[in-house]
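The values are calculated or read from the model by the stated rules, or taken from the named source; none is laboratory data. In this text, all values refer to a predicted model and were calculated from it rather than measured experimentally. Here the Cβ positions follow ideal geometry from the backbone for every residue, glycine too, while neighbour counts run over all protein chains shown.
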Amino acid sequence: MANSSFSGVRIGGVVTCVPTLEKCIDDEVDLFGGNEKQIARLKKTIGLNRRRVVEAGTTAVDLCHRAATRLLAASGVELGQVSAMIFVTQTPDYLQPCNAAVLHGRLKLPTSCAALDVNLGCSGYVYGLWLAHMMVQAGGCDRVLLLAGDTMSRLVHPKDRSVAPVFGDGGSATLIERSDGGQQAWFSLGTDGSGYDKLIVPAGGQRSPKTESTCLDVEDEDGNVRSSEHLFMDGAEVFNFSITVEPKAVRELLAYADLSLDSVDHFVFHQANRYILTNIAKRLKIDLTKVPMQTVERYGNQSSASIPSAMCGELQAVLCGAEAQRVLLSGFGVGLSWASAIVSLSDLSVCEVIEADSAQ
Amino acid sequence: MLSAICSNDFVDMKIDQLIGIFTESLEELPETPLDGATRYKDLKAWDSLAVLTVVDEIDMEYGVLLRKADFQKLATLQDLYEFVNARVENA
């Protein structure tokens, strides 16, 4: 496991932008062949419920743009003070150039600002935080803007029950800055690339370019429909991965940081679904009140934006308060990839969810 | 074992316990009561959600993580029972 620790770096603020359009599994009786009992069971067991999705034409850049504008204004940070930006996404505007460059231009950031994308999903927010901490601690970067956003709803086939009711969209912006407050942070990251095909969009890259046949809909043995250009998820394997890797990753990070489970105030896991979240919490024997999990039922699985979304939506008051909160963040998913961090958060300048069409 | 909270805690599973796990996990129970001879793949309510909850319960209780291929390879609850216990003993 790649472990590292930092001091003298803090998170200054975080904003998450969600689309205004809401969909609900209750309205999708047709998708389930009129089987309302199955919908009720999915709601009860897995916790599938509502999700926010973009309209065609809105991208992760648009959502993150709004989040970044709000974040910079609320934090009193001038554009010239941003030394670097990292954009975590798997749903970029273009194959080239990267989202970070597109948003850099839109925000009119100075040419002295470094900008790069990170192609990761559910683990990506913590990977991005890790990179940002390294940039600040290495010197030369006083403020790093981390964007994490995805529009997964655009990649799911509407007739694929294994993913369509699961994924929502969101875009976040987080400020990471130099600090003399002595905050410590610990990170632990891992990958199992042998599972690369458990969560995959098979066609559209160089390995399998789009052709006339890659866009054809195919019905699988469970009656779900998708083409090779849509997101495929092997739900059972991803579930097994989550319950195997996550509890172990959390325990190993705590051991590395020499901290006890009880000393952590909040456990913010990637908001995959309520079933996985309660399951991981149960295996770790964590008090459920320390585990935000309403975000996924409100907004859907927001991929790279789900952890900041849960911080903004469920921990706003406490993270903006003066009392330092020890927060464990942990993401897991596509790659397969996972990443966990323990950070100390207090006095955030802003920690809120905004809607995509709200006035700035 | 990777997923075990504490592998020393795990004990052999009884067939009744496996039947109990299936009873809890199936949305609808068949008219004939479940027993060792039940072919789980033939059950109407044996869907992906049922698989998920059975996998989860067996892993939590016995520290054995079943894969999709295991379910495909085996047929009856008795097969599954023997398979899980063999894995518990080897752990």
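The residue that is farthest from A:Arg161 (Cα to Cα), among those in region B:13-57 that are among the acidic types (Asp, Glu) and in a helix (DSSP H, G or I), is B:Asp16. Does region A:234-264 hold any residues that are surrounded by fewer than 17 Cβ atoms within 10 Å (Cβ to Cβ) and in contact (Cβ under 8 Å) with a residue 12 or more places away in the chain, and which are they? Those that are surrounded by fewer than 17 Cβ atoms within 10 Å (Cβ to Cβ) and in contact (Cβ under 8 Å) with a residue 12 or more places away in the chain: A:Asp234, A:Glu237, A:Arg251, A:Glu252, A:Leu259, A:Leu261, A:Ser263. Output the residue which, of all residues in region A:13-54 that are hydrophobic (A, V, I, L, M, F, W, C) and in a strand (DSSP E or B), is modelled with the lowest pLDDT. Ranking the candidates gives A:Cys24 first. Residue count for region B:24-45 satisfying the condition of being among the polar types (S, T, N, Q) and surrounded by fewer than 12 Cβ atoms within 10 Å (Cβ to Cβ): 1. Look through region B:39-64, keep the residues that are more than 14 Å from B:Leu18 (Cα to Cα) and charged (D, E, K, R), and return whichever of them is farthest from the other protein chains (Cβ to nearest Cβ). Going through the qualifying residues, I end up with B:Asp42.
Which residues, taken from region A:139-158, are modelled with pLDDT under 95 and either of a type in the set (Gly, Ala, Ser) or in contact with a Gly (Cβ under 9 Å, 6 or more places away or on another chain) (or both)? Hits for region A:139-158 are A:Gly139, A:Gly140. The helices (runs of 4 or more DSSP H) found entirely in region A:209-314 that carry 3 or more residues being within 14 Å of chain B (Cβ to nearest Cβ) are A:235-257, A:274-284.
Here is a yes/no grid of residues against (1) under 20 Å from A:Val268 (Cβ atoms); (2) over 22 Å from the mean Cα position of the chain (by Cα); (3) in a helix (DSSP H, G or I):
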position	(1), (2), (3)
A:Tyr127	yes, no, yes
A:Leu131	yes, no, yes
A:Cys141	no, yes, no
A:Pro165	no, no, no
A:Ser172	yes, no, no
A:Asp180	no, yes, no
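Pairs meeting the criteria (first residue in region A:98-123 and in contact (Cβ under 8 Å) with a residue 60 or more places away in the chain and of a type outside the set (Gly, Ala, Ser), second residue assigned to a helix (DSSP H, G or I) and surrounded by 14 or more Cβ atoms within 10 Å (Cβ to Cβ), beta carbons under 7 Å, at least 6 apart or on different chains) are A:Leu120/A:Tyr127; A:Leu120/A:Ser304; A:Cys122/A:Ser303; A:Cys122/A:Ser304; A:Cys122/A:Ser306. Here A:Leu71, A:Leu95 are screened, and the one residue that is buried (at least 23 other Cβ atoms within 10 Å of the Cβ) and either touching a strand residue (DSSP E or B) at 6+ places or on another chain (Cβ under 8 Å) or part of a loop (DSSP other than H, G, I, E, B) (or both) is A:Leu71.
If you filter region B:60-71 down to residues that are at pLDDT 90 or above and either of a type in the set (Asp, Glu) or not in a loop (DSSP other than H, G, I, E, B) (or both), you find that the one that is nearest to B:Leu34 (Cα to Cα) is B:Phe71. The lone criterion from (1) over 17 Å from A:Gly47 (Cβ atoms); (2) at pLDDT below 95; (3) among the β-branched types (Val, Ile, Thr) left unmet by A:Val238 is number (1).
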